[in-house]
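One structure is given below, encoded as structure tokens.
The values are calculated or read from the model by the stated rules, or taken from the named source; none is laboratory data. Here the structure is a predicted model, which means the values were calculated and not measured. Virtual Cβ from ideal backbone geometry, glycine too; neighbours counted across all protein chains shown. Accessible surface is based on the protein model in full, side chains and every heavy atom, while ligands, DNA and RNA are left aside. Shrake-Rupley method; radii C 1.70, N 1.55, O 1.52, S 1.80 Å.
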Amino acid sequence: TTKIPDITVMEAVCDGEEPEVVTQACLLSEFSEKGEARALINSLPDIHHDPVSREATIEKFVVIMDRYQEQPHLLDPHLEWMLNILLEMIRNEKSPPLMVHLCFKFLYIISKVRGYKIFMQLFPHEVSDVLPVLDLLCRQDPKDTETWETRYILLLWLSMTCLIPFDLSRLDGHLSTDPGLNRESIMDRILAVAKSFLRVSDKSRDAASVLVSKFVTRPDVKLKRLGDFLDWCLTTISQTSEITMEGTVTLDGALQSLVSLQFTLVSIKPEPDESPTVLQCLNQKRIAESNQATLRKLGVKVVQRLGLTFLKPRLAKWRYQRGSRSLAVNLAQSSVTGSVEATKTDLESVSQEEDYDIPEDVENIIEQLLVGLKDKETIVRWSSAKGIGRVTGRLPKQLADEVVESVLECFSFQETDNAWHGGCLAFAELGRRGLLLPSRLSDVVPLIIRALTYDEKRGACSLGSNVRDAACYVCWAFARAYEPSELKPYVNQIASALVIATVFDRNITCRKAASVNILSPQGTFPHGIDIVTAADYFTVGNVNNCYLTISVYIAGFEEYTKSLIDHLVHMKVNHWDGVIRELATKALHNLTAQAPEYMANTVLPQLLPMATGMDLHRRHGAILACAEITHALYEIATQKNRLHPWVTDFLSSDTIEGLKNIHQKVCRISLVCVCVFCGLIEKLSLSKMPFKDDPVITGWQWLIDDSLKNLHLFSSGARRGIQDSALSALAALCRQYYQVEPGVANVEMQDQLVSQYLSALMSPEVMTRCGCALALGSLPPFMIRGKLQKVRPHNVSSAQVSRRDAATAMSQVCVAVGVCAQGSPDRVLCEGNIRPVYEALLGCMNDYSMDSRGDVGAWYVHIKCNAPFKTALIFSSVQRMMCCLVQQAAEKIDRYRAHAGTVFLRLLHSTDPAVPHIPHREELLSIFPPETGNSLNWNAASQAFPHITQLLRLHQYQYHTLLGLTVSVGGLTESTVRYSSQSLFEYLKGIQQDATVLQQFGDTLLCIFRDNLRNDRVSVPLLKMVDQILANGCFELFTSEESHPFCVELLALCKEEIKKSKDVQKLLSFCGMVQFKGDVRQKVLVQLLMLLCHPFPVIRKTTASQVYEMFLTYDDVIDDEQVLADVMASLSDTNCDIATVRTHRNQLCDWLGLPRPILVTKVTHLGN
């Protein structure tokens, strides 16, 4: 790989040089894997018999060669030695067939990368090679699907060997003089082989067509067999049906052979005698109407080559020629005149050229090519366009102009996108070949500009991206075909259209295709260098960046400002894709600063009728655009007059009246654009439109309230967007129109809104309660002051509103009203009303509700963690809050652990003001110094848990830290379990010698167990954690004392937890407690032996396995080795059948010295 040396800009400046942009090249400079490739090829004799090694070798070689798909010329110096090594193996008589096929497979891989046209030239083509290659090819089985590469390469090789400059009859020996010999001639054998492989369905068919093109055009073969072969092709085409797959393959082969044959004959000498027959056969077969795109493409290729045979093989002298075909002449001319002049047309030679008759069949051929331009497949249209260019290049000027006129008909509104695409390709070919004269540019350029914005809606999608891409190709071709002076009248139109396609096209391919055309070779593109720097091939990949950033920069050039705005208004505001409509309106907002007067006086009057029209897409985009432009005009007015900004300075009275009437007119038509209307209300309110005390405000408020109360009527996908837009509109409406003076609310509206939303909290509809609760939270501070007692937390809770939205609303209200310790409880948060807030929020911190959607309690952990931080800086509830945050920071969900940890550190490190009453502040600062606030990644379990486990040594945090760790250590996520358990065990190993601290840890563990009995969210992971702690010997200090209180209580809690349980994890969770001596061990063994007779077979089987492993782990449980052996044998051989397992269980009890369990008979008491 080419590597550019590293150099810094500073070094370049210090050396007195201009700093250059340093990039890392991703280009290959040579065939660097030649040694590995040689080794793989040389290893073929050793590995060809082993399927595994063979496949691995092929795969390695394919990987090496595929790296050079884009730079295959780097292989050229190495092709010869690779070919020679492989051919030597092939020619070796001792090589087995499997190895020969493997060598041909390697040859095919090389030819695929380099291309068969280059690679086949390296094959040896001596006279002595003809018969061996032909004989080897004849021995191949065309139906063998594993060896098609062999047949493909042999056909290419035969194509080269048949080019020997000797008459093939010389290779036949005495065949022509001895009538007794029935052997076929070499010529007939090769033709027979070619015909047979033209009928196969694999890649060999393509190589057979190459063989035909090389072989049949030999002078001797052409003289003797060309007519017969053409008859065979035409007979095959006329008699074969494409209904079957076999027929399609046969037609494909015959057409391919005709294409390659006609191409060679056209390049050597035309054959007009045979061409009418071939054309008649194709017309009768109606290849153009075939269902197979490949056959239609081949048909077009044959037709265009037939057309060339009817015309004289000369270039039209009337064509437009830019410069000379000589590079030296061009350079000399450019140095003198500054540009390469177009070659002038010699009218006399043109008139002499047109003095020959054009056959009538040419008209038929051109008609078929024009029809091919409208084909539904791109490959057919592309081939037809190239055929139009080739044939037109041999026509007289008048007929060529008629062809151009016919191509122009492809651009009518009655034609499909296929015709537009084909027409663009045809014009690109005509322009590139100089066949589209400058006099026709006035007709063509407007059509190409329309093609650059072609977009036709079909159902839920649109068609036209291929048309726009082809139009960009036309612009590329024209820029290189014509002199700048020829394109000067149209350059501004083309430039605007290309810029629009670059920044506003929906398809990324079209944007990139347009961007590469911005900087034309002539340098006539207005501001081309500046624009292409901002809108290069890579930056236009992001559609948001194009609409919102690049377009603003380009609009700074006045040549493009209005054209960009007009395109958005007329083409994108009413686009079928809602995302594009929204981006277009945001782009209009950003572009308003470039032309505010044009926006206010021209664009808005155009949008207002669209905003009240019947078309839903047009109405949606127009309303959004009116809102965005109005708000942008207000921002401009603010910059000009910061004290008294009035948007009315830009808008006329008619426009203001039109904006006010949008709501009334459209609401009578439809209410489906609720989200759009809310956005309009928000933007007009933010723009301070002069509508205060206007009846329209009542209508706007009704729309917002109706949206929030009827959220359940909308689809779940649109519900959230409507809710958010309604809340934003409510906040903006209140700030602008419900203030009597700054900070003082309109009492009537304040009472109405607060009472209305509070009463809606009792609604039976969940979504109504959610919307109205959030509405209370979104009210501005002046609307809540004086009503805070009515919005107190217990009222929200008693309404049974969605907990997530209630927590959000509560947080917003707390932030809005602010904090004042001695303030009024009805206006701010103070000592008189703060306690219910904390009770509600901290109570939510312990919400672990589960339903069919999963852990719904985790939905609002973010809200609960974040809300207290804004209001708790002066209150004594910090201790409980910090403990709750620690618990969340120790749990298993990464994103909530990260958020809780971040809030915890913000509270701990806060200095302005410092948070009072934080327990163990100094110890916490030693664990979490201020610099960890930015460096500690709470999302990474490997970083978070080593810090969290250090809080276990702090008494105030031990309970909550261990509670959070319990869920993590006993969880399911591998990384969380691994790092949390490692950190916990490291902490426990550090306190092994301190009995007091270990006893305190054990008491905390038992307390958590007692508090969460029968709570599977905690108890199941806690039992897993206890089992891991016991297995790691972390409680060895307790095992030295018989019947230690910790062990006794732990066993009692375990027995209580598993009572009437059928969970295997719970039932076998206390196997590790057998290490405790005394009564605890006996009770554990008795419990386990009772489980051996459990009614469920899976529990009996699992218990036997666990007990077996337990005795292997704790070998001091049974002192007698013979008894231990008998017990282990019994556990491993026990049949888990319920009829016999009780006998084995009783035997185990006797060996272990334990009382046999007695089956208790249930007594049923009958009533009187």
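Checked against the criteria, L779 does not count as modelled with pLDDT under 85, farther than 17 Å from T698 by Cβ and open to solvent by less than 10 Å² (accessible area, probe 1.4 Å). For K989, the conditions (1) in contact with a Leu (Cβ under 7 Å, 6 or more places away or on another chain); (2) open to solvent by 60 Å² or more (accessible area, probe 1.4 Å) are fulfilled apart from (1). Quick check: is even one residue across the range 134-150 among the aromatic types (F, W, Y), assigned to a helix (DSSP H, G or I), at pLDDT 90 or above and open to solvent by less than 20 Å² (accessible area, probe 1.4 Å)? No, the range 134-150 contains no residue that is among the aromatic types (F, W, Y), assigned to a helix (DSSP H, G or I), at pLDDT 90 or above and open to solvent by less than 20 Å² (accessible area, probe 1.4 Å).
Residues are listed down the side, and each one gets a yes or a no for (1) open to solvent by 30 Å² or more (accessible area, probe 1.4 Å); (2) modelled with pLDDT of 95 or more; (3) over 24 Å from A293 (Cα atoms); (4) assigned to a helix (DSSP H, G or I):
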residue: S351; (1), (2), (3), (4): yes, no, yes, yes
residue: E363; (1), (2), (3), (4): yes, no, no, yes
residue: Q368; (1), (2), (3), (4): yes, no, no, yes
residue: K376; (1), (2), (3), (4): yes, no, no, no
residue: R390; (1), (2), (3), (4): yes, no, no, yes
residue: E415; (1), (2), (3), (4): yes, no, no, no
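Within the option set L972, L954, being at pLDDT below 90 and surrounded by fewer than 16 Cβ atoms within 10 Å (Cβ to Cβ) holds for one residue only, L972. Can you confirm whether H620 is of a type outside the set (A, V, I, L, M, F, W, C) and open to solvent by 40 Å² or more (accessible area, probe 1.4 Å)? No: the conditions fail for H620. Scanning the range 737-758 for residues that are open to solvent by 50 Å² or more (accessible area, probe 1.4 Å), assigned to a helix (DSSP H, G or I) and of a type outside the set (A, V, I, L, M, F, W, C) gives E748, D751, Q752, S755. Applying the set (1) open to solvent by 20 Å² or more (accessible area, probe 1.4 Å); (2) at pLDDT 80 or above to C820 leaves exactly one unmet item: (2). Which numbered condition trips up P484, out of (1) at pLDDT below 90; (2) touching a His at 6+ places or on another chain (Cβ under 7 Å)? P484 satisfies all of (1) at pLDDT below 90; (2) touching a His at 6+ places or on another chain (Cβ under 7 Å) except (2).
So which of H663, H712 is open to solvent by 10 Å² or more (accessible area, probe 1.4 Å), in contact with an Asp or Glu (Cβ under 7 Å, 6 or more places away or on another chain) and touching a residue at least 40 places away in the same chain (Cβ under 8 Å)? Working first, answer last.
Values: H663 fails: in contact with an Asp or Glu (Cβ under 7 Å, 6 or more places away or on another chain).
Result of the check over H663, H712: H712.
A count restricted to the range 462-488 and to residues that are of a type outside the set (S, T, Y) and without any contact (Cβ under 8 Å) to a residue 40 or more places away in the chain stands at 1. When Q1106 is tested against (1) of a type outside the set (A, V, I, L, M); (2) surrounded by fewer than 20 Cβ atoms within 10 Å (Cβ to Cβ); (3) at pLDDT 80 or above, exactly one condition is not met: (3). Checked against (1) under 22 Å from R38 (Cα atoms); (2) touching a Pro at 6+ places or on another chain (Cβ under 9 Å), L122 passes all but condition (2). Restricting attention to the range 302-322, the residues that are over 12 Å from I365 (Cβ atoms) and not in a loop (DSSP other than H, G, I, E, B) add up to 2. Residue under question is A470, and the condition is that it be of a type in the set (G, A, S), buried (at least 19 other Cβ atoms within 10 Å of the Cβ), touching a helix residue (DSSP H, G or I) at 6+ places or on another chain (Cβ under 6 Å) and closer than 24 Å to A316 by Cβ; does it hold? Criteria not met by A470. Taken together, the residues in the range 632-663 that are assigned to a helix (DSSP H, G or I), more than 20 Å from L591 (Cα to Cα) and at pLDDT below 85 amount to 1.
Figure legend. Inter-residue proximity from the range 579-597: first residues closer than 16 Å to N542 by Cβ, second residues of a type in the set (K, R) and not in a helix (DSSP H, G or I), beta-carbon distance below 6 Å, spacing 6+ or different chains. Indicated pairs: I580/R506.
Is one or more of the residues making up the range 703-715 of a type in the set (S, T, Y) and either closer than 24 Å to A593 by Cα or touching a Leu at 6+ places or on another chain (Cβ under 8 Å) (or both)? Scanning the range 703-715 turns up no residue that is of a type in the set (S, T, Y) and either closer than 24 Å to A593 by Cα or touching a Leu at 6+ places or on another chain (Cβ under 8 Å) (or both).
Of all residue pairs spaced 6 or more apart or on separate chains, those with beta-carbon atoms under 6 Å, a first member in the range 256-284 that is open to solvent by 30 Å² or more (accessible area, probe 1.4 Å) and a second member that is among the basic types (K, R) and at pLDDT 85 or above are F263/R305.
With S442, S462 as the choices, which residue is open to solvent by 10 Å² or more (accessible area, probe 1.4 Å) and either under 26 Å from the mean Cα position of the chain (by Cα) or under 16 Å from K572 (Cα atoms) (or both)? Can you show your working first?
Details: S442 fails: either under 26 Å from the mean Cα position of the chain (by Cα) or under 16 Å from K572 (Cα atoms) (or both).
Matching residue, one of S442, S462: S462.
With respect to (1) farther than 19 Å from F1046 by Cα; (2) of a type outside the set (A, V, I, L, M, F, W, C); (3) open to solvent by less than 10 Å² (accessible area, probe 1.4 Å), the lone exception for T966 is condition (1). Within the range 602-642, the set of residues being among the small types (G, A, S) and more than 36 Å from the chain's Cα centre (by Cα) comprises G613, A637.
The one condition from (1) on the phi < 0 side of the Ramachandran plot; (2) at pLDDT below 85 that G299 does not meet is (2). Criterion applied to F61, F31 was being open to solvent by less than 60 Å² (accessible area, probe 1.4 Å), out of contact with any Gly (no Cβ under 9 Å at 6 or more places or on another chain) and not in a helix (DSSP H, G or I), and the one residue passing it is F31. Of the residues making up the range 990-1010, those that are modelled with pLDDT of 90 or more and either on the phi > 0 side of the Ramachandran plot or of a type in the set (D, E, K, R) (or both) are D1003, R1010.
Is there a residue being farther than 30 Å from Y108 by Cβ, at pLDDT below 95, touching a helix residue (DSSP H, G or I) at 6+ places or on another chain (Cβ under 9 Å) and of a type in the set (A, V, I, L, M, F, W, C) anywhere in the range 68-76? I'd like the intermediate steps shown before the answer.
Within the range 68-76, the first condition is being farther than 30 Å from Y108 by Cβ, and the residues that meet it are none.
Scanning the range 68-76 turns up no residue that is farther than 30 Å from Y108 by Cβ, at pLDDT below 95, touching a helix residue (DSSP H, G or I) at 6+ places or on another chain (Cβ under 9 Å) and of a type in the set (A, V, I, L, M, F, W, C).
Can you find even one residue in the range 449-457 that is of a type outside the set (S, T, Y), open to solvent by less than 30 Å² (accessible area, probe 1.4 Å) and farther than 23 Å from R314 by Cα? The answer is yes; a qualifying residue exists.
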